[in-house]
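Written out below as structure tokens is the structure these notes cover.
The values are calculated or read from the model by the stated rules, or taken from the named source; none is laboratory data. Note that this is a predicted model, so its numbers are computed, not measured. Every residue, glycine as well, gets a Cβ built from its backbone with ideal geometry; the counts of neighbours run over all protein chains shown. Quick note on the areas: whole protein, heavy atoms, side chains included, nothing else; ligands and nucleic acids left out. Shrake-Rupley method; radii C 1.70, N 1.55, O 1.52, S 1.80 Å.
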Amino acid sequence: QIRALRNKLIAMNPDGAPKTLVVTSSIRGEGKTVTAINLALAFAELEHTPVLLVDADLRSPSVERYLNLNSEPGLADVLVGRCDLPRAIRLCGIRNLAVMGAGTPLTGPSEILTAPRVQDLFDRVKERFQYVIVDTPPVLPSTDASVMAARADGTLIIVRLEHSSKTLTKEAVKNLQD
């Protein structure tokens with residue numbers, strides 16, 4: 001199913017331009033991080049397709065933990081100017097896949113996720129990667145996902161079968177549209 005989703009996303013990109021894709025959900029526990037990781041892995045299976053997986057869930061990061069990687073400087077450090085972008089991007093032992101973890105925990109992540117910083121980051125990583133998959137926090141508890149989604153080329157909202165609330169999902173979609 002993940003490969004089918006990947007193929008549909010590729011079909012929606014006929015010119016083959018580098019793309020950023022935010023993966024989010026309405027609330028926690030709907031599978032957004034696992035989907036983001038598996039989608040990044042599916043894109044990385046393709047020849048000559050460098051992929052960057054970014055953990056932008058600065059409130060509850062988990063990409064590095066899922067991939068069994070040590071925490072290192074990452075997105076938060078780049079956005080506050082503590083480290084440069086190349087140092088925050090690292091190989092993870094999977095061909096064509098690089099990871100940028102969340103980085104050093106911050107007390108107020110919303111303040112650093114400003115539109116110009118996010119846009120600059122997306123522009124810079126698209127110079128090196130064909131696909132940038134961004135795992136964000138859920139939409140409803142904070143504005144972080146909305147800021148990232150507004151600057152990305154596309155957004156996937158993960159809905160967990162027989163678990164997700166239709167009302168909350170509609171509210172999340174409305175928040176993203178607004």
Accessible area in the full protein assembly, largest first, 1.4 Å probe, for SER25, SER71: SER71, SER25
Which of the GluC sites (Glu not before Pro) across region 1-59 are loop residues per DSSP, with 12 or fewer other Cβ within 10 Å? GLU47
Counting other Cβ atoms within 10 Å, which GluC sites (Glu not before Pro) in region 91-178 have at most 13 and lie in a DSSP loop? GLU127, GLU162
Rounded to the nearest 10 Å², what accessible area does LYS19 have for a 1.4 Å probe in the complete protein model? 60
Go ahead and collect, in residue order, the members of region 97-138 whose backbone nitrogen is under 17 Å from a label point 7 Å along the Cα-Cβ direction of ASP178. 138
Gained length - ALA4 relative to SER62, 0.36 nm times residue gap less alpha-carbon distance: 18.4 nm
At a probe size of 1.4 Å, how large is the accessible area of ILE94, to the nearest 10 Å²? 70
Dipole of the chain (Lys/Arg Cβ +1, Asp/Glu Cβ -1, origin at the Cα centre): which of THR104, GLY74, VAL159 lies farthest to the positive side? VAL159
Would you list ARG6, ARG151 from the most to the least accessible area, probe 1.4 Å? ARG151, ARG6
On average, how much area does the Cα convex hull of the chain cover when viewed from any direction, in nm²? 9.8
Mind jotting down the distance between the C-alpha centroids of region 1-77 and region 159-176, whole Å? 20
Need one value: the accessible area of MET12 in square angstrom, 1.4 angstrom probe, rounded to the nearest 10. 150
Suppose each label sits 7 Å from its Cα in the direction of the beta carbon; what would the ASN70-LEU91 distance come out to in nanometres? 1.7
Quick one: if you stick a label point 7 Å off each Cα along the C-beta vector at LEU46 and LYS166, how many nm between them? 3.5
Debye-sum result for region 119-162 in log10 I(q)/I(0), which assumes one identical scatterer on each alpha carbon, at q = 0.20, 0.21 Å⁻¹: -0.70, -0.75
From highest to lowest solvent-accessible area (probe 1.4 Å; ligands, DNA and RNA excluded), LEU41, LEU21 read LEU41, LEU21
